[in-house]
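The values are calculated or read from the model by the stated rules, or taken from the named source; none is laboratory data. Small disclaimer: the values here were computed from a predicted structure and weren't measured. Glycine gets a Cβ as well: all are built from the backbone with ideal geometry, and neighbour counts include every protein chain shown.
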Amino acid sequence: MGWEIERRFLVEGRREHWESLKGGHHLRQGYLTNTKEPSVRVRLGEPGGALLTTKRGKGIRRTEFESGISKEVAGDLMEAAGARIVEKIRWNLGPWTLDRFLGSLEGLVLLEIELTSEDQNLPPIPDALNVLREVTEDNMFTSGALASLPEAARRELVLAAYKGRLE
C-alpha cells in the first residue's frame, strides 16, 4: 500500500482545445464502495488493462492500493457497481492529468497532478485551460462521490460548479 499525494482543480477549456487533443483514453469507473472507507473502484480503459483500487483518507494525501485484474473480473465488478459508474476521457498533459467527464456529468472537467510531497511547487497549468478553483479538499469532486449521486443531482452539480459558464 502506498500514498497518493494529489491536487485537483475545476477547470474550463475552449471547444477548440478539446478538438485539438489527441491520445485520450476512455475510462469507465465503477464504485463498489464509495460512501465509507476504503473506497473500492474498478476501472476499465487503462492502456495496461483493468485495475482494482482502494483508497482511504481525504484531501491531498490518501493511502492507495492498486492491482491489475482481468477484464472478465473487471466486468463482473462493474456489474456489481450498478449505477455507481462514471465515464470520462483522460489525457496526460505533461505532469498533469485532464479528465473530461461524460454522460450526466458532461461539462465537468478536472485537472489533477500527482506530487511527491504536499508542499511541492506546481508546474505551469497547460495552455488553453482556465482554473476556476482548487477542489482537492472538496470531497464532492472525487470520482467516488460523483458516482454516488443520482443522475439528476450530477447534472445539477455540473451546472452549479460552472454557474452558467458551460458552452
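Residues that are modelled with pLDDT under 90 and closer than 19 Å to Asn92 by Cβ within the stretch 47-70 comprise Pro47, Gly48, Gly49, listed in sequence order.
Within the stretch 78-125, how many residues are of a type in the set (Asp, Glu) and more than 18 Å from Glu137 (Cα to Cα)? Break it down into steps so the answer makes sense when it comes.
Of all residues in the stretch 78-125, those of a type in the set (Asp, Glu) come to 79, 87, 99, 106, 112, 114, 118-119.
Pick out the ones that are also more than 18 Å from Glu137 (Cα to Cα) and you get 79, 87, 106.
Residues meeting the conditions: 3.
Could you tell me which residue of the stretch 21-53 is farthest from Glu72 (Cα to Cα), considering only residues that are without any contact (Cβ under 8 Å) to a residue 24 or more places away in the chain and hydroxyl-bearing (Ser, Thr, Tyr)? Only one residue tops the list, namely Thr33.
Report the residue count in the stretch 1-32 for those that are among the hydrophobic types (A, V, I, L, M, F, W, C), farther than 22 Å from Arg61 by Cα and surrounded by fewer than 18 Cβ atoms within 10 Å (Cβ to Cβ). If you could, list the steps in order and put the result at the bottom.
Taking the stretch 1-32 first, the residues among the hydrophobic types (A, V, I, L, M, F, W, C) are 1, 3, 5, 9-11, 18, 21, 27, 32.
Still in the running and farther than 22 Å from Arg61 by Cα: 18, 21, 27.
Narrowing the set further to residues that are surrounded by fewer than 18 Cβ atoms within 10 Å (Cβ to Cβ) leaves 18, 21.
Of the residues in the stretch 1-32, 2 are among the hydrophobic types (A, V, I, L, M, F, W, C), farther than 22 Å from Arg61 by Cα and surrounded by fewer than 18 Cβ atoms within 10 Å (Cβ to Cβ).
Considering only the stretch 64-159, give the strands (runs of 3 or more DSSP E) lying wholly within it that have at least 3 residues that are crowded, with 17+ Cβ neighbours inside 10 Å. Even if it seems obvious, please write down each step before you answer.
Details: elements: 85-93, 96-101, 109-114, 129-134.
Of the strands (runs of 3 or more DSSP E) lying wholly inside the stretch 64-159, those with at least 3 residues that are crowded, with 17+ Cβ neighbours inside 10 Å span 85-93, 96-101, 109-114.
All of Ala74, Ala80 fail the test of being farther than 22 Å from Val11 by Cα and either in contact with a helix residue (DSSP H, G or I) (Cβ under 8 Å, 6 or more places away or on another chain) or in contact (Cβ under 8 Å) with a residue 40 or more places away in the chain (or both), apart from Ala80. The set of residues from the stretch 100-122 being without any contact (Cβ under 8 Å) to a residue 12 or more places away in the chain and either under 27 Å from Arg28 (Cα atoms) or not polar (S, T, N, Q) (or both) comprises just one member, Asp119.
For beta carbons closer than 8 Å, sequence separation of 6+ or different chains, a first residue in the stretch 124-141 that is without any contact (Cβ under 8 Å) to a residue 24 or more places away in the chain and a second that is surrounded by 11 or more Cβ atoms within 10 Å (Cβ to Cβ), the qualifying pairs are Met140/Leu146; Met140/Leu157. Of all the numbered requirements in (1) more than 17 Å from Leu149 (Cα to Cα); (2) surrounded by 14 or more Cβ atoms within 10 Å (Cβ to Cβ), Ser39 misses one, and that requirement is (1). Return the residues of the stretch 19-46 that are more than 14 Å from the chain's Cα centre (by Cα), outside any loop (DSSP other than H, G, I, E, B) and either at pLDDT below 90 or basic (Lys, Arg) (or both); say none if nothing qualifies. Of everything in the stretch 19-46, those that are more than 14 Å from the chain's Cα centre (by Cα), outside any loop (DSSP other than H, G, I, E, B) and either at pLDDT below 90 or basic (Lys, Arg) (or both) turn out to be Glu19, Ser20, Thr33. For the stretch 47-60, filtered to residues that are exposed (fewer than 14 other Cβ atoms within 10 Å of the Cβ) and in a strand (DSSP E or B), the residue that is nearest to the chain's Cα centre (by Cα) is Arg56.
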